[in-house]
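Trainee: Handing you a structure now.
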Amino acid sequence: MSDLAINVRQMTRCFGKNIAVDHLDLQIPRGTIYGFLGPNGCGKSTSIRMLTGLLTPTSGEVEVLGQRLPQYAEALRLRIGYMTQKFSLYDNLSIRENLSFVAQIYGLNSRQSRERVNELLALYALDKRQTQLAGSLSGGQKQRLALAAATLHHPNLLFLDEPTSAVDPENRREFWERLFDLCNAGTTILVSTHYMDEAERCHALAILENGIKRADGSPAELMATLGAHVLEVEGDDLRTLKSQLTQCPQVLSTAQLGTRLRVLVRDQTEQPQQWLQAQVNGRRIEAVRPSLEDVFVACTGQHSVSSATARAGSDSEQGERHV
Amino acid sequence: MFEYRVNSNPLIATWRRVAAIVVKEIRQLARDRMTFGMIVMIPLVQLLLFGYAINTDVRHIPAGLVDLSQSSYSRELIAMTEASQTVDFVRVYASAQEAEQAIIRGDVKAVLYLPADLGQRLSVHPAFNRDSGHSNSQTLQPVGQWLVDGGDTVIAASIRSLRQLPLDTLAGRTLKDNVPTFEVVQFFNPEQRSVVNIVPGLLAIILTMTMIMFTSAAIVREREQGNMEFLIATPVKPMELMIGKIVPYVLVGLIQVGIILGIGHLLFSVPVRGGLLTLLVAALLFIFASLTLGLVISTIAKTQLQAMQMTVFILMPSILLSGFMFPYEAMPQLAQVISEALPATHFMRMVRGIVLRDALLWDLQRDALWLAAFTLGGLAFAALRFKKRLD
Ligand SMILES: Nc1ncnc2c1ncn2[C@@H]1O[C@H](COP(=O)(O)OP(=O)(O)OP(=O)(O)O)[C@@H](O)[C@H]1O
Ligand SMILES: [Mg+2]
């Protein structure tokens, strides 16, 4: 048996003329947490739907848990769990009713079902509201319920499509604790996100843009092989400096962080620090450790939406950095 | 690694999944107060409407009168006409022109015109004077005239039935002298009340409406509310989903059958001559067929609105062509072909047979088999059309 949970070669999916996923290659080892990082519309959900057998690839080969898709999609249903991007349990059923329904669908008898549901209610701190209708739950509660439902049948492989988009940082941390528990028990997890801090928690990740994989590897590898130097300029009138630097071909991107300007200077530039010093009229310059966000920007040439306001280096974690 | 080894027996797993869907549907239905209310209100209101308001036995039509003769004959003729209860003379006009104006204005639906020479006309009329020797109907003058608003065909038809008012009593003879050409022997429904025919028919129409409506939304709703993506990622099989969606509504259908027949019996004294068991089997066959038809719609429609439109598209011919409104035998051939394709037609025949004629299932086997075949075919079609795919 292969030690890859997911093995994908040249997976492509077109919608009419649009190419949603473009010749994607993926090798995801068993027992790891793998991330899909990318902006809206980059093909994260489409990829996951192909990997769960819900969409047929236009071309390419897909092997999940050693089984070929789409031929063996039905056989895989018992071994994979899928938490959809949009809440897809029943709004007019209570938490317990939803979970019991899922348990029965997966073939548990009533005793097994009751035990497993109780276990999950306790694990995801939902036991106090088990009779509340799912439609009236908060974003974080809904997300915990959805995770409970997706993991109810102990899947070997779990797909989570933007599981934390409606969840505060505190709950998000708690959520990731559960994911590491599952991973520890042997579950392979594929999670899509557009949060940098979540991507950094993955064992490995792929950065997607317009359906194309721009880079992949562990966060550390990605940061180490970043094709740019990261420098921060401190001083005043940074807006003018920013627009001036953006013109230079040596500069990959700039982003203001409070009183500092984070500048990515291309690797090809010789003596990048000296070069930049010459551009900044005596403002102070400091070389900093690259963050995953820098990797993302370098890979996609995209500016992140909130980089101007969010945190600086990779030293703290509380920022909600969006792509 | 731990893995559930639950369903060694696939039949047990199938049974659990169907049960899961049935329980889920019932829970959702129970939470939906509006739908729950409609299950009871639709048959109730329709039955009262059709039973009381929509009466095809026309009585007491407001009519006008022009009596130029003012004779004892005319007074007696008027009294006889009113005694038939078909018309009530509510206005009196001085001339034919005035009466015509009244009809145009809509004051009355019909006017009886009795000419000044009524006595003279009567004396030569064969219905009055058997010995008049007047046999040439070409030159025979009628005794009086009805002016009728033809816009309403039901009223016009009722007035037309007054044309042959027998004049024997007027002439001082007893009615038994009147020798009918044909003898009519009335089987079933001796009082000729249309409600006796309408209630069983209404059963077919109401079930068509509610059953198709419930399931036609069933699959689309899951799609529209975003539940489908989760559901198709589970091991549930299309046929299990279809059966699970149908079963709860079979119960709903039976409740409605109970309401309609119960009230029909209590309020309108509609007899149930046939066996209740036969009726139950027929109703079940039709409920299954209608629910299946709804499911087929549900797998075709993209939105709940589309499902609703397609339901109406089926409902209209079911009301008009199933034999509910017009007798099947009197329809043009094309209409009969369409009619045969509707489950409602087959049930209409069965239920009228059972309720009014005490027919046995054996006598109705063709319609029963048709409904059963329709259900199986429809289920297979819906399950095949339903793909556990998003593309
Ligand atoms: N059913 C569909 N028909 C046509 N185009 C589609 C369909 N599904 C997705 N697409 C297109 O494919 C592209 C990728 O969509 P996808 O939903 O995979 O993005 P995503 O990465 O999940 O985005 P988000 O972060 O917003 O969820 C988009 O351009 C989208 O418009
Ligand atoms: Mg998505």
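Trainee: Applying the selection to the range A:9-53, what residues are in a loop (DSSP other than H, G, I, E, B) and within 11 Å of ligand 1 (Cβ to nearest atom)?
Mentor: Hits for the range A:9-53 are A:G16, A:K17, A:G38, A:P39, A:N40, A:G41, A:C42, A:G43.
Trainee: Out of the residues in the range A:131-152 that are surrounded by 16 or more Cβ atoms within 10 Å (Cβ to Cβ) and assigned to a loop (DSSP other than H, G, I, E, B), state the one that is farthest from ligand 2 (Cβ to nearest atom).
Mentor: Of everything passing the filter in the range A:131-152, A:L152 is farthest from ligand 2 (Cβ to nearest atom).
Trainee: Can you tell me which residue within the range B:1-44, out of those that are in a loop (DSSP other than H, G, I, E, B) and more than 7 Å from chain A (Cβ to nearest Cβ), is modelled with the highest pLDDT?
Mentor: Ranking the qualifying residues of the range B:1-44, first place goes to B:D32.
Trainee: Hey, B:F324 hits all of (1) part of a helix (DSSP H, G or I); (2) under 20 Å from B:L47 (Cα atoms) but one; which does it fall short on?
Mentor: (1)
Trainee: Tally up the residues in the range A:166-185 that are in a loop (DSSP other than H, G, I, E, B) and in contact with a Gly (Cβ under 6 Å, 6 or more places away or on another chain), please.
Mentor: The qualifying residues number 2.
Trainee: Across the range A:54-69, which residue is farthest from ligand 1 (Cβ to nearest atom) among those that are in contact with an Asp or Glu (Cβ under 8 Å, 6 or more places away or on another chain) and within 14 Å of chain B (Cβ to nearest Cβ)?
Mentor: Across the range A:54-69, the extreme among qualifying residues is A:L69.
Trainee: Any idea which of A:P155, A:P163 is at pLDDT 90 or above, away from ligand 1 (no atom under 16 Å from the Cβ), part of a loop (DSSP other than H, G, I, E, B) and in the same structural domain as A:L99 (by TED's automatic domain parsing)?
Mentor: A:P155
Trainee: Please pick out the residue among A:G227, A:G258, A:G211 that is away from every other protein chain (no Cβ under 14 Å), within 16 Å of ligand 2 (Cβ to nearest atom) and not charged (D, E, K, R).
Mentor: The match here is A:G211.
Trainee: Return the only residue of A:I95, A:I6 being out of contact with any Gly (no Cβ under 7 Å at 6 or more places or on another chain) and either within 16 Å of ligand 1 (Cβ to nearest atom) or within 28 Å of A:G139 (Cβ to Cβ) (or both).
Mentor: Checking each option against the conditions leaves just A:I95.
Trainee: Another question, then. With A:R79, A:R111 as the choices, which residue is within 17 Å of B:K388 (Cβ to Cβ) and either at the interface with another protein chain (Cβ under 9 Å from one of its Cβ atoms) or surrounded by fewer than 21 Cβ atoms within 10 Å (Cβ to Cβ) (or both)?
Mentor: A:R79
Trainee: If you don't mind, another one. Quick one: A:G35 ticks every box in (1) within 16 Å of ligand 2 (Cβ to nearest atom); (2) more than 9 Å from chain B (Cβ to nearest Cβ); (3) surrounded by fewer than 23 Cβ atoms within 10 Å (Cβ to Cβ) except a single one, so which number is it?
Mentor: All conditions are met except number (3).
Trainee: Identify, from the list A:L89, A:L26, the residue that is away from ligand 2 (no atom under 16 Å from the Cβ) and in contact with a strand residue (DSSP E or B) (Cβ under 7 Å, 6 or more places away or on another chain).
Mentor: A:L26
Trainee: Any residue at all in the range B:48-56 that is at pLDDT 90 or above, touching a helix residue (DSSP H, G or I) at 6+ places or on another chain (Cβ under 7 Å) and either within 24 Å of A:Y106 (Cβ to Cβ) or not in a helix (DSSP H, G or I) (or both)?
Mentor: No - not one qualifying residue is present in the range B:48-56.
The values are calculated or read from the model by the stated rules, or taken from the named source; none is laboratory data. Bear in mind the structure is a predicted one, so any value in this text is a computation, not a measurement. Positions of Cβ are backbone-derived with ideal geometry, glycine not excepted, and every protein chain shown enters the neighbour counts.
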